[in-house]
Structures are given as structure tokens and as C-alpha cells.
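Here's the structure, in C-alpha cells; my notes come after.
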Amino acid sequence: MKRYPTLLMLAFLLVGTCRARQDDSSRDRLLMDYGWRFTTGDPSGAEATGFDDSGWRVVDVPHDWSIEGPYDENAATTGRGGYLPTGVGWYRRTFAVNPGDRRVWLEFDGVHQNSDVWVNGVHVGHRPYGYIGFMYDVTEHLVDGTNVVAVRVDNSKQPNSRWYTGSGIYRHVWMSLVPPIHIAHWGTTVTTSSADSSAATVSVRTRIDNELAEELEFVLRSTILDAAGERVTGARALLTAGAGEQIEHQQGGVLGLEVPGPALWSPDTPALYTLRQEILVDERPVDAVETRFGIRSIAFDADRGFLLNGQKVLMRGVNLHHDGGPVGAAVPEAVWRRRFGILKDMGTNSIRTAHNPMAPEFMDLADEMGFLVMNEAFDEWTHGKVEYGYHVYFDEWSERDLTDFIRRDRNHPSVVLWSMGNEIGEQHAPGGEDVLRRLRDIAKREDPTRPITTGNDHIAADDGATTVGFRELLDVVGYNYVDRWHERRELYAWPDRQKYPDWKHIGTESGSVRGTRGEYSLGTDPDRPAPFYTRSMINAEQLWKFVSLNDWFAGDFMWTGIDYLGESRWPRKSSTSGVIDLVGFPDDGYWFYQSRWTTEPMLHLFPHWNWEGREGQTIPVIAYTNVDAVELFLNDRFIGEKVIAFPRQGTSGCWNCYDPRPVMPTTADLHLTWDVPYESGTLRAVGRKAGEVVFTREIRTTGPPAALRLTSDRETILSNVRDVAHVQVEVVDSEGNVVPTAAVPITFEVTGAGSLLAVGNGNPADHGSFQAPGRTTFNGLAMALVQSGAEAGTIRVTAVAEGLEGASIDVGVLPAPAPRTVPHGQ
């Protein structure tokens, strides 16, 4: 896997989105994550300044108390929430602040859910939706000396989600000190009105608040910087704002700012710029904000699909939920960075945020690493799916939540579609079009530059079909699980294309090649091939043929890229729909998508070859590959050569047009298979391209477990920013081969400049604690996540198992500046 840098993480935690203040009159943004007091339960009076919280735990946020367990088959969350506990929790923190004449904002990136916030005993706000950030101006409630913020989180009403949500202040908390004249919260909008390799026009719209008691004249200075920090272009505007007035100004006039020879943003070249904005009073800077953006053009076309910078790009997408497996909903950025890297290596270029807004750093990484994002707001509108879901709050809160969501994320070049919702009941209900129209109008008011969609299921169901009127309100029509629909089961004769030729189409959700990593069902009949290659494999292959061969189809987002907590049945706690398991190990399905989505020669062979007691039984051996031909050998005995008849892309619906290969056997499937009577030894697959050997893959029958082997995804991590390394555990035999069936209890010891954050193994039915210092390997593998502390040095991870040779590995911790934080009070 490629290694991706951590500079964004460091910059994000050090200064957020705003530069450090120059003096006591300018903007400052401080991290407020450390040293919170926490308890579960609902103690009376906990909002009061003088409440005694000395017996509470000390935690840092982001924090998710649900992930600590325990699992309970009778949990109120049910299988939807992974059988984990929720309830009510309280957080308290003291702080000292000397704002001068500045306003003081408390900013929460996400609290799940039903949060109430008090400052010095004064209730400052309530927010039901757990996925969107919010800000409170607490200036009027502060005192000299020690202040106290208290947060009550109520996630007790269950079930309130169809998947695991987590509980608590599970995203970052910030304090911003802003001058009385300032750029408003989420007040900058950057758009690209035109862009190609020769020139681009960038429009900057800014909302500015004057909270002084008098009119003020000032200068708004905007400067565009390239990736090296060099000035590209800029503009100044002399403005006036009345007392207590908010004004809005578009920089550069109607045409915007001209950028010559821009570096265009795309998944392959995710070039980023920075907009630095300053408010100057008497030529003295009093406020400054930096906004990162990209220059690119997007369009959806009824005949050509999705166009990026004028070129057709097929969206190779995955759906992702917000949890990080063993770390729950409080996901360190390094965990997402690793996951994104694995998806990138698979060939993924698009992500759908299922089915809610993600953390700000998730979106920043999508910009930085090059992913197109379908950014989704809701899973429910007025029609509920679970008893206490978002429909309870929709009428009162949806406009504010959607507005804040779009204002927060509209400067991300990665965002190319707003999704208003997923499988919404209103899509086929009376009055549903009115609800959609209202949401669409809000989205267009806040961002007229991007199209909207929804993920629609049952479009052609026998009853309850999505209305044509509903779909006509969408800029791009989204299709969920088209292979489930009766008359559309044969995808190749897509009727909507003929009926509505002006519609734009995208697959918002479809089944993946799902399965549990390393698990294979061989059956009991030795004379029949095993059935572990399932309908999901066949459906995924047929769907991808359709997607890749029809130019008018923008792309598809399969369900899901990564396993996630919830949507499960006991004893399983997590879904296995992903092609990457809960801790980040690829499943066999991962390699199917890599074979379709990448061009670097690859070959994946499965299943494993440890089938003692099944000698002579026919076992299907399967290969995913993008090479021309594959020869299979067992113990150097030639089994056969096979070729995938690759479809020619872009043939406008000719799904069964293949390159002829008359000399060799062919298959219409996108995998190769051989029926091989089992005998122990070595399977060897040899891949050829243009007649040359380009890839060889071997699978051996292993001996019994003999030792542990440790590897880390990173040799060094950073201090002070809670950086993370993933230490992989493999159970190997005496020759160093991974034993693919090994279930070995492992104990971890972590010493030095870090700590054990979580453990996991990808087993959906394992009910062990993610925080315990031990785990049983699942099909030969396990994972330990270690996190840096404040000091530089070395983290040593040691793994031991009874009867096996243990192993240790060192991870270096490099010094990094401490984040600028809000100090505690006395």
C-alpha cells in the first residue's frame, strides 16, 4: 500500500482552518479536546458551575463511550446498533480565557446525539442531529477566571438509527476568539465558474459580521496561494458595514478572480489552493481566515455521464459509514488516512457518505487524496424507518441542519453531488415531492453550483414505486439496488434510458462482492464444486459490465467499501457487506474491484489451500485479474489456462461485445475458475500479458502455527497529535507462511512513547473488548492500533501467544509542535 503523508493532520490540529492570532484583537482558534470529565448516567445538577465532578473519569475527546461495550443480545440498540450500549452521558471541562474585546465561540464538530450545552450554568443551546457541527457564541456568559462548560448527551431513545452511531462528543471541539468585525462562521464560499488548463475564474463570496455598536469602514483583502504558498492572484475591496449588520460581498465582481494556468483538481492530481482572507481596519489586519479549495469544473451529461474538467470520468465508488471499527465513532484521522489509501489502491475514485455528514477531517482527506464525494445529508425525512430516527426532528431542524451541512462543506473540491437522502419513504408517498422540493430549494440557495440527487430504491417495484414527479425534481437520478427490481433485473435493457433520454443517471448503491474474510463454505458433497462463490459475486460482475459499458451512466457506488458496526444479527455485531473488513484487511472481493478499476498487472487467487480431510474433493479455485491469460499449476502439474473475455468499454449498451479469443477457453464472467481435486501442496498461478509473464501468485498448504509476525503500516508517527500506527499480527508456520485458519489468543504489551488504542481481528462475531490488551486471531490475522502521546521517542509493541514464538516491533515517534489548546481553569 502507498504511504500518504500526515502534514494535513498536523496543520489541522495546530490551527484548524484559521491562522494564529497576531495580537489580542485578531482571530484565534484553539483546540479544546483535552482533559474533559465524563460520566455515564444523568446526575442532577451537573450543569451547575459548582457541581462536584471529581469522581468522574478524565477523557480526551473525540470520545465514544458506546464502543467500550459490553455487547448484549438484548441491548436497546438491537442489531442495528451493534448490540452496544448507549444511554445518557455528561462531559464537563474548566477553561480560562482572556478574549479582550473579541467574541468567543464554542465549536463542536459532532455530538451524538441530542446535546445540550451550558456555560457557567447558562443553557446556550440544544442540537438533536448527531452528525452536523454547530457553534455557540458564549461571550456574554463568561466570567473572569475559571469558566465551566457542561455537555449533556442523550442517546437513550433507541433505536434511533439503522447502523451504529456511537455516543458522546465523538468529534473535535474548538474555541474561536474572533474580533467584533469578522468573517462569519462558515461565511466564505469559493466556486470555480470556469476552468481549463489555460485559465480559471474563481468566485469568492464572503459574509462579514459587524458586531460593533457603530458603522465601520474596512478593507477585505483576498489572496489566492498555490500549493507552495506563492501568491497567484488577489483582490481588495473597501466596504462599509452598519452597526450590528451582516453584509455579503463577492470578490472580483461578477467575473471573479482570474487564475492563469491553474493546476486542476482531480482524483489523479488533487491539486489544492489556499484562499487567505483578511479584514483590515486602518490597514491593520484584525481578522484572518484561510480556506482550502480546488480548481475544477464538473458536469453531469445525459449522454456522457460525469465530466470532470471537460473529460468523462467513470465514478468507481464505494459507500462508507462513519465508524472506524475498533475505535467506534471517534475516528483518528490516521485511521481514515490508512483506509483511504487502501481504497485508493483498489482503484476507488468516489465515496458516498452513507447516510449523513462526515467529520471535517474526512472531507479534508477526500480533497487531499483525490476522491469524488456524493455528500449525503439524511437517512430519514418525515417518514420514519426506526422509532426514534431523524423523522422525529425533521420538521423543526432539517432546514438548519441542511443549511449548516452545505455551508460547512461547499468549498471542498471533492464534493460533486449533494444527496438529500437515502431510500426516503417520501419518494413514493403523497406529498413527497413537496418535501423534496423544499430541500432542493434550500440546497440551491446555499450552493447553486452542484446538482442534487437521492438514493432511490424500489423505483420499479410492483407497488410503492418511486414517482416520476419525484425523480424529475432531481438533477441526477440515483438508483439503489437495480438488480432487485423485477422488470429491471436484466440491467442491460434499462427502460428509463429509453423513456427519459434527458435524465442523468447514477448508481447510488449496489451490492458488493460481500463475504467474511477468509471464510469459505465448501459443502459436504465431494463430487460437487463448492458454492462459496455466491450470487453477490455474479451480481457485482454483471452490474459492473453494465456500468462500464454505458457511457451515459455516470458510475456506481457499491455497498460497502468497508465493513461497519451494526446492521447485524446476533451473534454478529457488524455487517460484512464491505470488501475490507472491520480492521482494514482486504477480503477477496477487494481484488475483484482492483481487477476492474486498475491497470497495474495484478492477480488474486483464492481460497486458501489448507483443506486437510477433504483430499480428492473438488474445490473451485478462483482468480481475479486484469492480465490477458492465467495458467494454473498444482504441485507443478499443469491444470489449465484461462482468459477473461474483457468487454470493450464505451460501446453504448453493447454489454456482450467481447474481444474474441478463439484459441483459449473464455468466460463471460469477470473472474476465472478451475475445479481442482484437493491435494496438499502449492497452487501457482502465472499471469501473462501480451505473452509475457507479468505476475505469479502462489498459495501453499501450511504447517501448524509456529510464530507471530508483526508489521506496521508506518515506521514513524508524530507526537502531540494523537497519531496512529496499525500493527498487523500474522500467525505463521515454521517457513513463514501465514496460517489462514489460525485462531490463536494473542496478548499485547505496548511500552514507550505511546499507548494501545484498540485491537481487532475482523471477526464479526467476536464479542471481545476493543480496548482489551488481547485478541484471538481471525483466520490468521489480528490488528493492534497504537497511538502517540506528547513525547517523541519509540513505541515498542510486543505480541505473545502460548506455544508460539512471540514478536516485537518498534514504531518511531517524531517530535511535532504541541497543538494550541484552551487552558484549564483553576
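The values are calculated or read from the model by the stated rules, or taken from the named source; none is laboratory data. Because the structure is predicted, anything quoted here is derived from the model rather than measured. In this analysis, Cβ positions are derived from the backbone assuming ideal geometry, glycine residues included, and neighbour counts consider all displayed protein chains. Please note that ligands, DNA and RNA were not included when accessible areas were found on the heavy atoms of the full protein model with its side chains. Shrake-Rupley method; radii C 1.70, N 1.55, O 1.52, S 1.80 Å.
Assorted remarks:
- Neighbours by Cβ (under 6 Å, 6+ apart or cross-chain): first from the stretch 44-65, without any contact (Cβ under 8 Å) to a residue 12 or more places away in the chain; second of a type outside the set (D, E, K, R): Gly45/Phe51
- Among residues of the stretch 339-368 that are within 15 Å of Ser419 (Cβ to Cβ) and open to solvent by less than 10 Å² (accessible area, probe 1.4 Å), those with a beta-carbon under 6 Å from a residue that is of a type outside the set (Val, Ile, Thr) and part of a loop (DSSP other than H, G, I, E, B) at least six positions away or on a different chain give the pairs Ile351/Phe371; Ala354/His321; His355/Asp379; Asn356/Tyr131; Pro357/Tyr131; Met358/His322; Met363/His412; Ala366/Ser414.
- All positions within the stretch 665-722 that are in a loop (DSSP other than H, G, I, E, B), open to solvent by 20 Å² or more (accessible area, probe 1.4 Å) and polar (S, T, N, Q): Ser680, Thr701, Thr702, Asn720
- Qualifying residue in the stretch 593-605 (condition: in contact (Cβ under 8 Å) with a residue 40 or more places away in the chain, buried (at least 24 other Cβ atoms within 10 Å of the Cβ) and under 30 Å from Pro85 (Cβ atoms)): no
- All of (1) assigned to a loop (DSSP other than H, G, I, E, B); (2) in contact with a Lys or Arg (Cβ under 9 Å, 6 or more places away or on another chain); (3) closer than 25 Å to Trp174 by Cα hold for Thr348 with one exception: (3).
- Test: residue in the stretch 417-432 that is surrounded by fewer than 19 Cβ atoms within 10 Å (Cβ to Cβ), touching a helix residue (DSSP H, G or I) at 6+ places or on another chain (Cβ under 7 Å) and within 26 Å of His172 (Cβ to Cβ): no
- The residues on offer are Gly589, Gly561, Gly613, and the sole one that is of a type in the set (Gly, Ala, Ser) and open to solvent by 10 Å² or more (accessible area, probe 1.4 Å) is Gly613.
- Some residue of the stretch 229-251 being at pLDDT below 95 and closer than 30 Å to Lys504 by Cβ: yes
- Leu549 vs. criteria open to solvent by less than 20 Å² (accessible area, probe 1.4 Å), under 16 Å from the mean Cα position of the chain (by Cα) and hydrophobic (A, V, I, L, M, F, W, C): no
- Sole residue being modelled with pLDDT of 95 or more, aliphatic (A, V, I, L, M) and in a loop (DSSP other than H, G, I, E, B), chosen from Ala782, Ala772: Ala772
- Selected residue (criterion: modelled with the lowest pLDDT) from residues of the stretch 503-535 that are within 17 Å of Ser575 (Cβ to Cβ) and touching a Ser or Thr at 6+ places or on another chain (Cβ under 7 Å): Arg514
- Residue under evaluation Ala799, criteria (1) among the aliphatic types (A, V, I, L, M); (2) modelled with pLDDT under 95; (3) in a strand (DSSP E or B), criterion not met: (2)
- Breaking point among (1) farther than 19 Å from Glu248 by Cα; (2) open to solvent by 20 Å² or more (accessible area, probe 1.4 Å); (3) touching a helix residue (DSSP H, G or I) at 6+ places or on another chain (Cβ under 9 Å), for Trp186: (1)
- Residue check, Val392 among the β-branched types (Val, Ile, Thr), open to solvent by 10 Å² or more (accessible area, probe 1.4 Å) and closer than 25 Å to Val482 by Cα: no
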